[in-house]
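The values are calculated or read from the model by the stated rules, or taken from the named source; none is laboratory data. Being a predicted model, the structure only gives us computed values, none of them experimental. Neighbour counts are summed over all protein chains in view; Cβ atoms, including those assigned to glycine, are modelled from backbone coordinates with ideal geometry. Heavy atoms of the whole protein, side chains included, go into the accessibility calculation; ligands, DNA and RNA do not. Shrake-Rupley method; radii C 1.70, N 1.55, O 1.52, S 1.80 Å.
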Amino acid sequence: MLQGKTIVLGVTGGIACYKAAALASALVKQHAAVQVLMTENATKFVTPITFEQLTGRKALVDTFDRNFQYNVAHVSIADSADFVLVAPATANVIAKLAHGLADDMLTTTVLACDCPKAIAPAMNTKMLANPVTQDNLAALRRYGWEVIEPASGRLACGAVGQGKLPEPERLLEACIHAAAREKDLAGRRVLVTAGPTREPLDPVRYLTNRSSGRMGYAIAKAAACRGASVTLVSGPTALPEPAYMEFVPIETAQQMFDAVTARADDMDIIIKAAAVADYRPAEVADNKIKKKDGELSLPLTRTRDILGTLGASKRPGQVLCGFSMETENMLENSRAKLKRKNLDMIAANNVKVAGAGFGVDTNVLTLITADGETELPLMSKDDAANRLLDALAAMLPRRDAE
């Protein structure tokens, strides 16, 4: 996802440096070019050789390193950077960056960077809470920096509280969000639904389906990465809550109906990727249903049609996309749904096709509109999400026409 991008990773002197090594490795796996800049104190925790082996590039510490290929190294690196992340960031370096002090390779280079920047503080809880540190972080925010909030837990000093460097997965998410894609959806509002719903039978049982939520989450993340203001309405999944969007957790189909319809009028694009129950128990038992001799019959009643309601009330210029998961007659069934529910597009797949079922990282989508259909090959759900967004973005009214 970071092919062709240069990430400048600033590493300062804290015990959390070991997580920066894991992050560097993760960035390389995303095909980023990673340039590590270290403070002198950082080298006391992790050697530059570690980063050099992981990234294939010399990790720079000395501003006047004459062995580097460029004479004015900090300017050359700054010019090539697509994103800067300082992680871990000590209170000392935060103070320097907030006030424009540049007395080493890291701070000098960052001061010359005009690309997006983020900082991940990691320190003792009291140092983090100190008003001076908080003022410095506030100053960085004013200058356009993203401040990645520290995690809470037991710190290396033995204290328990906020101040831990977030895990490398969270830091990687920040890099991808900032640098992976052009912000072609900036200013647009996108609502995505994802995951299954759960319809309770009694206090311990419910009806649900096999949806993992991965496709919907991939779409929401891709839209946020492209600059959209994203709302994700999600049923229960095992996936971590994604950053950079409004996250609305729900359980039942009725809760999803309420959450979506309350926000629909404000959205430019609505993508219904959730697997919503078509039926729910007609009655929910107050106590656990006990096993008895003979058969058990469970009367069911229809849930409210979210997509049909959205299609009936769709405002001019709004783009509405549904999903159709079929096991037979995929095109015929999906086209009927497209027309019946007044959709602009429907993304169809057959769960019997290899790589397109539940709980996998790939999908095989066919994008269907009133004018035709586009069959996408087997690809990752991240790639499929961006192909879907490409098609939906092309349907949006031009801003000058609006």
Q) Amide H of residue 36: which non-local residues (sequence gap of 5 or more, or other chain) have their own amide H closer than 5 Å, using H built in the peptide plane? A) 9, 60
Q: With just the Cα atoms of the chain, tell me how far they stretch along each of the three principal axes, in Å, largest first.
A: 78, 53, 39
Q | Heavy-atom accessible surface of the chain: percent carbon and sulfur, 1.4 Å | A | 50
Q: Provide the per-residue ³J(HN,Hα) series for the stretch 121-138, in order, calculated from phi with Karplus coefficients 6.51, -1.76, 1.60 and θ = phi - 60°, each as a whole number of Hz, with x at glycine and proline positions.
A: x, 8, 5, 4, 4, 5, 5, 5, 6, 4, x, 5, 4, 5, 5, 5, 5, 4
Q: For residue 89, enumerate residues with amide H under 5 Å from its amide H, sequence gap 5+ or separate chain, H modeled in the peptide plane.
A: 120, 122
Q.
Nearest 10 degrees is fine. How inclined is helix 381-393 to the longest principal axis of the chain, computing both from alpha carbons?
A. 80
Q: Step through the residues of the stretch 326-335 one at a time and calculate ³J(HN,Hα) from phi using the Karplus curve (6.51 cos²θ - 1.76 cosθ + 1.60, θ = phi - 60°), rounding each to whole Hz and writing x for Gly and Pro.
A: 10, 10, 7, 6, 4, 5, 5, 5, 6, 5
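Among DSSP beta bridges whose residues both lie in the stretch 58-213, state the antiparallel percentage, nearest 5.
Within the stretch 58-213, antiparallel bridges account for around 50 percent of the total.
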Q | Charge-dipole axis of the chain as Lys and Arg at +1 and Asp and Glu at -1 on Cβ define it, positive-most pick from 139, 193, 13 | A | 193
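State the extension gain, in nm to one decimal, for the chain segment bounded by residue 395 and residue 300, taking 0.36 nm per residue of separation less the distance between their alpha-carbons. Working shown, then result.
Values: separation 95, 0.36 × 95 = 34.20 nm, distance 3.83 nm.
Net length gain for the segment: 30.4 nm.
Could you give the accessible area per residue of the stretch 281-399, probe 1.4 Å, as a whole number in Å²? Could the numbers behind the result be given before it?
Details: 7090 Å² over 119 residues.
With the other protein chains kept in place, the stretch 281-399 gives 60 Å² per residue.
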Q: Determine ³J(HN,Hα), in whole Hz, for all residues of the stretch 203-219 in sequence, where each value follows from phi through the Karplus function 6.51 cos²θ - 1.76 cosθ + 1.60 and θ = phi - 60°; x replaces Gly and Pro.
A: x, 10, 10, 7, 9, 8, 9, 8, 4, 8, x, 5, 5, x, 5, 4, 5
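Just to be sure I understand: of the beta bridges DSSP finds with both ends in the chain, what percent are antiparallel, rounded to 5?
About 30 percent, rounded to the nearest 5.
Tell me, what is the FRET efficiency for residue 99 and residue 239 to the nearest 0.05, using R0 = 51 angstrom and their Cβ-Cβ distance as r?
Details: r = 40 Å, r/R0 = 0.78.
Given R0 = 51 Å and the Cβ-Cβ separation, E is 0.80.
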Q. To one decimal place, what Kirkwood hydrodynamic radius in Å is obtained for the stretch 1-133 from all pairs of distinct Cα atoms?
A. 14.7
